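Where a number appears in this text, it was derived from the coordinates with a stated rule and is not lab data. Computed from a predicted model, the values in this text were never measured in an experiment. Using ideal geometry, Cβ is built from the backbone for each residue, glycine included, and neighbour counts are taken over all protein chains shown.
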Amino acid sequence: MDKKRWDILYDTQKAHAVDALQKQYGLSFLTAVVLNNRGVSDVQGFLGMSPSLYHEPLLMKDMSKAVARIKAALQNQEKITIYGDYDVDGVTATALLVRYFNAAGGQVDFYIPDRMDEGYGVNQNALDKIKARGTSLLITVDSGITAVNEAAYAKLIGLDLIITDHHECKDELPDAVAVINPKQPDCPYPFKDLCGAGVALKLIQALYEGDFEDIASEYLEIACLGTIADVVPLRGENRQIVRAGLKLIQNSERVGIRALLEVAGLTGKTISASTISFTLAPRINAAGRIGSAMHAVLLFLVEELEEALEIATYLNNENINRQGAEAEIFTQAMQKVEAGNELKKNKVLVLYDENWHHGIVGIVASRLAERFRRPTILLAQEGEHGKGSGRSVGTFNLFKALQACEAHLIKFGGHAMAAGVSIEIDNLAHFIESINDYAKEHLTREDITPSLRIDACIEASQIDLKNAVALTSLEPYGMGNPSPVFCLMGCEILELRTLSGDKHLKMRIHKDGKKFDVIGFGSGANMHQWLVGDRLDIAFSLQVNEYGGNKKEQLILKDMCLTAEHHAQLVAQEQHFHTLKKGEKIAYEDYIPDRTDLVAMYKFINKHFEQGKYHDGLFALHRRFAQETHKPMSHLKLRNILEVLRELAIWQVEVKDNTLTIVDTAKIGEKVNLEQSHYLQMLQKNRG
């Protein structure tokens, strides 16, 4: 686990404000600290203490125009088509409006462009098809804000167009009956961060003539899925949508959601925002990434559980296929980064391969951006063009970066942190140069430095079940409202092991007489960095662990490092370990290994091979070997053991700058006569 820069947000200057929050709302200290750190002004609303936070939808620019045109279409039985997108946000937004218009007795159809053949957004061929089907009113969801030419074409062929979107706006807007997007500069709507499904939900609220609360439960589950999957900030209305939606999903009456939970193995389990992000959303997304997203929309429209299960199973299988393709593209992209020396050459990674699937490159771009802390764009070939997706890091605004390079692009769209791109392959080199020139001025050292925002440094006495339960009032967590992180300084490791085939790290630590369980998900490979007895500073989320009907506080590891004092001690020990003072005599048993030493080291190394290789510092090996086998040894004896094993060709052994690399050979598992070592014979002959 690489140590991040820790940015601790709470200090004594904030104590007065935190104390005031505690007294006014009866909060725990930790809860008040987090709310103060995040600048939450409406505490009652954030914690769900106040009535509905849904703003008046008619405040949104052009909403009145849209409502009037839609009501006329419903009254006159005109055919309405919803034009969506193939990601979770577009799918759920489409399903929301189709469900509403069906309930209102309208004639409604939907259209999702094919990712491979049509790409993102509105296109003229699709408009011709939709018009030919008898549609007179087209409503876009999660797309359309940049469709200036397409809007003009829709008008030309007599197709009325209403655009609902949430993506960033360019200077020129489409000419349509109504353009609904809270991000329009002159839109007075107070909440700007709705996703496409959220905007669709506001349209339903505006259309419904009664109390929206009476029908909200019919739509909140689906809107919740889109909101979480699109990674919009979980503040304001988004938080309201997700909080209410999660409660409904837990015991859903929607056959599509029940089927999705069943194929994902989640029936009866607690559903959180994280569950949706990492388990449900990828299955909904999978169809649109490598096939047709029509199936995903139908999942939320069918009424029979058997039919829903059939669709959900299809989506689950598509997700398995997507995972395999993603792994292959990720491996190839990593090879391109290394082979092209990209990290030294460029601040923005732009990678292209004619054989990549452009429905999957966005996921891989996200993984690479997280791994390398660089804005990353991956492109696949589509005809003569390159098409793909980008992800950003830190505060680097990818949408503005693409705007600055617009001359080299066919089209682009998206957000500050994620965007889609189309480009002529011949322009790729110019684009790479241009976006990296932009990054030289706008990508900061802070953007590319791994960091961890820590809410407060706390004492062991503050880590208990009561505080863990109190923090649950801040859920749901997600973009804009991450799980709170705290740090505990100077604790000691009591127990250390891995779980799930060495995938996860499990520790037991203690500080000031209190003991705590710590789980590090995905950190099992880093266990070799630590030993029982090490003194650490750790950063963690404090959560409630429920098992067998019992509840207990649990620390979810975010980062850890040796304390400064313990690190200094180990540095001094390592220097002493490698240094033999002039004139210092050493007993032969301290540098000449015997058979038990050699066998013990052989077994130890063999046990800790990873994919046929062992790589570590000599001092680190010495520490771990001594703790595991209770056989401390000098630097000279360790070196001699390694030389004997190297000579016997048991392993390929290399020691460089006190760092050891061992690669296994065909002799592993074979019996070897240690007495055949000429080096060992020489040591024994010369002892004394």
Long-range lysine pairs (8 or more apart or interchain), region 267-422, Cα under 17 Å: 6
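Express the C-alpha Rg of region 260-304 as a ratio against the empirical globular expectation 2.2 N^0.38 Å, rounded to two decimals.
Values: Rg = 11.3 Å, N = 45, 2.2 N^0.38 = 9.3 Å.
Normalised by 2.2 N^0.38 Å, the Cα Rg of region 260-304 equals 1.21.
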Under the rule of at least 5 residues apart or a separate chain, name every residue whose amide H is placed under 5 Å from the amide H of residue 563. 535, 536, 537
Could you order peptides 438-449, 63-74, 231-242 by the average number of other Cβ atoms within 10 Å of their residues, highest first? 231-242, 63-74, 438-449
Computed from every Cα-Cα pair in the chain, P(r) in 20 Å bins starting at 0 and rounded to whole percents is 15, 42, 30, 11, 2, 0
Extension gain residue 525-residue 426, at 0.36 nm per residue separation less the Cα-Cα distance, in nm? 31.4 nm
Neighbourhood charge, 10 Å Cβ-Cβ cut-off, centred on residue 121 and excluding it, Lys, Arg +1 and Asp, Glu -1: -4
Measure nothing fancy, just the Cα-based angle from helix 428-442's long axis to the longest principal axis of the chain, in degrees from 0 to 90, nearest 10. 80
When you count, for each residue, the other Cβ atoms within 10 Å and take the mean per peptide, how do 493-506, 306-319 rank with the highest first? 306-319, 493-506
When the Karplus curve 6.51 cos²θ - 1.76 cosθ + 1.60 is applied with θ = phi - 60°, which whole-Hz ³J(HN,Hα) does each residue of region 80-89 get, with x for Gly and Pro? 10, 10, 9, 9, x, 10, 8, 9, 4, 4
Cα→Cβ-extended label distance, 7 Å offset, between residue 345 and residue 682, nm: 4.7
Projected onto the charge dipole of the chain (+1 at Lys/Arg Cβ, -1 at Asp/Glu Cβ, origin at the Cα centre), which of 146, 100, 397 gives the Cα projection farthest towards the positive end? 397
Nearest 10, in degrees from 0 to 90: the angle of helix 305-339 to the longest Cα principal axis of the chain is 50
Considering every Cα-Cα pair within region 137-192, what fraction, in whole percent, is farther apart than 12 Å? 61
How high is the relative contact order of the chain, in percent, with contacts defined as C-alpha pairs under 8 Å that are six or more residues apart? 10
Considering the zone a paramagnetic label at residue 404 would reach in this model (a point 7 Å from Cα along the Cα-to-Cβ line), which residues of region 334-352 have amide N under 17 Å from it? 346-350
Average Cα contact separation per residue, region 568-686, under 8 Å, 6 or more apart, as relative contact order %: 27
Calculate how steeply helix 63-75 sits against the longest principal axis of the alpha-carbon atoms of the chain, using the helix alpha-carbon long axis, and give the answer as 0 to 90 degrees to the nearest 10. 60
Kindly give the semi-axes, whole Å and largest first, of the ellipsoid equivalent to region 57-318, taking each as the square root of 5 times a Cα gyration tensor eigenvalue. 28, 20, 17
Asserting the computed 222 nm helical MRE of the chain (DSSP H runs at least 4 long, -39500 (n - 2.57) per run, divided by residue count, to nearest 500) equals -12500 deg cm²/dmol
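Going by a ≥ b ≥ c, the root eigenvalues of the Cα gyration tensor, does region 427-505 fall in the rounded group (a/c under 1.5), the prolate group (a/b larger than b/c) or the oblate group?
In terms of gyration-tensor shape, prolate.
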Sorted by chain and then number, the residues having a modelled amide H within less than 5 Å of the amide H of residue 352, at least 5 places away or on another chain, are 379
Where does the charge balance sit around residue 73 when Lys and Arg score +1, Asp and Glu -1, over other residues with C-beta under 10 Å from its C-beta? +1
Based on C-alpha coordinates, I'd like the Rg and Dmax of region 81-122, in Å. 10.9, 34
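With +1 assigned to the C-beta of every Lys and Arg and -1 to the C-beta of every Asp and Glu, and no other charges, what is the dipole magnitude of region 251-335 about the Cα centre in debye, to the nearest 20?
Computed charge dipole of region 251-335: roughly 360 debye.
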Span per principal axis, largest first, for the Cα atoms of region 373-485 (Å): 62, 28, 18
Using +1 on the beta carbon of Lys and Arg, -1 on that of Asp and Glu, and nothing else charged, what's the dipole of region 312-355 about the Cα centre, debye to 20? 280
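Relative contact order for region 82-232: what is it in percent, counting Cα pairs under 8 Å that are at least 6 residues apart?
Working: 265 pairs, mean separation 40.5, N = 151.
Answer for region 82-232 is 27 percent.
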Sequence neighbours fewer than 8 away in the same chain don't count; with that in mind, list the lysines whose C-alpha is under 18 Å from residue 155. 65, 79, 129, 131
Using the Cα centre as the reference, give the magnitude of the dipole from point charges on the C-beta atoms of the chain (Lys, Arg: +1; Asp, Glu: -1; all else neutral), rounded to the nearest 20 debye. 2360
